[in-house]
Amino acid sequence: MLLLLAAAAHASKSGSIPGDVYLAATGALVCWVVVYLVYKVVMTGRKDFGMPVKRRLLCKHLRVDHDQSAEVPIWWTDLQVQRAVRAHWRHTLRLPFGTASEARPQL
């Protein structure tokens, strides 16, 4: 990291940034994304949120399938998932029996 900062400082004096700095910055970013995704996959084991929860890459919000399973974005933390599932159960239990299967909360 210090080497990257030193190269950037040297480049700012000369006026142009060499390609090695861009390559190092891109490599650091790619490594961070890979480490983050591996961490999310390893740390998102079978946790009890009140229903089975699957993490999806192309998902924007909580999706519940007939109160049996849920899908959430992969970038949500466990606390966000827990709060969203809890809000879903609260909303579902407050509805009358005839409309519980029709309504879906907007989280």
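Quick look at the numbers
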item: Cut-off under 5 Å, modelled amide H: who pairs with LEU62 long-range; result: LEU107
item: Under-5 Å amide H pairs with LYS54, H placed in peptide plane, nonlocal only; result: ALA70, GLU71, VAL72
item: Segment 21-62 - accessible surface per residue (Å², probe 1.4 Å); result: 82 Å²
item: Sequence-distant aspartates and glutamates (8 or more away, or on other chains) whose Cα lies within less than 18 Å of LYS40; result: ASP48, GLU71, ASP78
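The values are calculated or read from the model by the stated rules, or taken from the named source; none is laboratory data. Values in this document were obtained by computation on a predicted structure and should not be read as measured data. The accessibility values were calculated without ligands, DNA or RNA, using every heavy atom of the protein model including side chains. Shrake-Rupley method; radii C 1.70, N 1.55, O 1.52, S 1.80 Å.
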